[in-house]
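*Asks:* Structure incoming, see below.
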Amino acid sequence: MDLVGAWAAVSGRWLRVEVAPDSLFGPENMPYGVFAPPGGTFRVGVRLGDMVLDLAALLGDPVFARPDLNAFLAAGPARWGGVRARLRELADTALPVEVVYPVGSVRMALPVTLGDYVDFYASIDHATNLGRLLRPDSEPLLPNWRHLPVGYHGRAGTVVVSGTPVIRPRGQRRTDSGAPEFGPSQRLDIEAELGFVVGTGSTSGVPVGVDDFAEHVFGVALVNDWSARDIQAWEYQPLGPFLGKSFATSLSAWVTPLAALAQARVPLPTQEPEPLPYLRGTADHGLDIDLAVSWNGHIVSRPPYARMYWSPAQMLAHLTANGASIRPGDLFASGTISGPEPTQRGSFIELSWGGKGSISLGEETRTFLADGDEVTITATAPGTAGRPIGLGEVSGRILPARQA
């Protein structure tokens, strides 16, 4: 009996899922997602090897019969830990066959119902590269950059699940004459990012401290924050990103719990000058996660998240420092992840150095995205079982702009 790459032994109506030794989705990982089996409705599941386990049916818990993770996220860390421990026990037993589905047979949806979405700018290598491109005669980093995690509020309504096509946006672009014109973006780009999914909310007016990060954030998911660089360049001064960013942000279907990343914790790079007291903490909140960006099937970049200057805990502390509250299902993202080497740049504006160079895709070359192009971002991290775990993928294909 072929079960899409997973080894399984079936006895009556019971099935034992055996995970391949080199699988990125062993019991030490078990990311959460929202799926619909053939002919069924959306509900919460976890991935084990090449299978999806239906949690509502497996655990007999109606909180997992919902089409999002929000109610489970709101229950908090003790509940998250209890369910994870129970699932790891069950992963080594025979399971009722009706709760197990091959991952290739199901449809995936956004794992959460989003409230707010915030995007940061936390990579010193990315910020330095863009500073050199956009302000070649000035210091690449603006005066505030080393003092706070720069960010902006994105558009939650256009966050889409991995695999959703992205329609080329239209907007105003500056011409050589200096006057604007309206039309499809000609400099369509990606941003390879890591997203953080909020679990437990906070009280309005009460900031979240750096060391309270794990009490509020459930897990991580890959993000591609698509960017129309020509639209963005014309509109962003003085208020920052707007239409050049708000048309689409792709989110992985799988959310990896923070508990699965215990072995991926690393110290942050040295922060100079020392951050203000509200951005200081005692724990290591850096993460050793390696991304890979594939463009039409060709890997063009391998950004290292461990190089990020600002930690997700500092991002959350700054996000709430003014008293802004967070809610279950909120999403905040790291901003483009780039490293110091040309092969580690997480956006195409960096890889092509502002469009001056070309990027090889086998027999073709690109500077920015063409219609029909597909980008897939994957990632791995050290796992607790001595082997890497996978963070799923986030992918999208570019469709032509709509006609006026």
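The values are calculated or read from the model by the stated rules, or taken from the named source; none is laboratory data. Note that this is a predicted model, so its numbers are computed, not measured. Here the Cβ is made from the backbone with ideal geometry for all residues, glycine too, and neighbour counts use every protein chain on show. Heads up: the accessible areas ignore ligands, DNA and RNA and are worked out on the full protein's heavy atoms, side chains in. Shrake-Rupley method; radii C 1.70, N 1.55, O 1.52, S 1.80 Å.
*Asks:* So what is the accessible area of the chain per residue, in Å², with the probe set to 1.4 Å?
*Replies:* Per-residue accessible area for the chain comes out at 42 Å².
*Asks:* Hey, can you grab everything whose amide H is under 5 Å from the amide H of T113? Only 5+ residues off in sequence or another chain; H modelled, so Pro and N-termini drop out.
*Replies:* Hits under the 5 Å cutoff: L69, N70.
*Asks:* Can you list the residues, at least 5 places off or on another chain, whose amide H is less than 5 Å from the amide H of L95, using H built in the peptide plane?
*Replies:* Excluding prolines and chain starts, which carry no amide H, the hits are L15, R16, V17.
*Asks:* Here's another thing I want to ask about it. Report the net charge of residues surrounding G195, where surrounding means a beta-carbon distance below 10 angstrom and charges are Lys +1, Arg +1, Asp -1, Glu -1.
*Replies:* In short, -3.
*Asks:* Mind ordering 102-113, 47-58 by average Cβ neighbours within 10 Å, highest first?
*Replies:* The peptides rank, most packed first, as 47-58, 102-113.
*Asks:* Then there's this: What does the charge dipole of the chain about its Cα centre add up to, to the nearest 20 debye, if the Cβ of each Lys and Arg holds +1 and the Cβ of each Asp and Glu holds -1?
*Replies:* Computed about the Cα centre, the dipole is about 580 debye.
*Asks:* Sort the following peptides by mean Cβ neighbour count (other Cβ atoms within 10 Å, averaged over residues), highest first: 231-242, 369-380.
*Replies:* 369-380, 231-242
*Asks:* Further question: Leaving ligands, DNA and RNA out of it, report the carbon-plus-sulfur percent of the accessible area of region 15-155 at a 1.4 Å probe.
*Replies:* For region 15-155, the apolar C and S fraction of the accessible surface comes to 54 percent.
*Asks:* Right, another one. Grab the other residues whose beta carbon is less than 12 angstrom from that of N29, score K and R as +1, D and E as -1, and report the net.
*Replies:* Summing Lys and Arg as +1 and Asp and Glu as -1 gives +3.
*Asks:* Once phi is turned into ³J(HN,Hα) by the Karplus curve 6.51 cos²θ - 1.76 cosθ + 1.60 with θ = phi - 60°, what whole-Hz value does each residue of region 276-287 show in order, with x for glycine and proline?
*Replies:* Calculated HN-Hα couplings, in order: 4, x, 5, 9, 9, x, 9, 9, 7, 10, x, 9 Hz.
*Asks:* Turning to a different aspect of this structure: Would you mind calculating the relative contact order of the chain from Cα pairs under 8 angstrom and at least 6 residues apart, reporting the percent as a whole number?
*Replies:* 21
*Asks:* When only Cα pairs under 8 Å and 6 or more residues apart are kept, what is the percent relative contact order across region 112-170?
*Replies:* Reported as a whole number, the value is 45 percent.
*Asks:* A further question follows. Normalised by the residues of region 1-149, what does the relative contact order come to in percent, with Cα pairs under 8 Å and at least six apart?
*Replies:* Relative CO of region 1-149 lands at 24 percent.
*Asks:* Let me ask another. Pop the C-beta distance of A385 and N144 into the FRET formula with R0 = 41 Å and round what comes out to the nearest 0.05.
*Replies:* That gives a FRET efficiency of 0.45.
*Asks:* Using packing as a proxy for protection, rank 215-221, 318-324 so that the peptide with the highest average count of other Cβ atoms within 10 Å comes first.
*Replies:* Put in order of decreasing packing, that is 215-221, 318-324.
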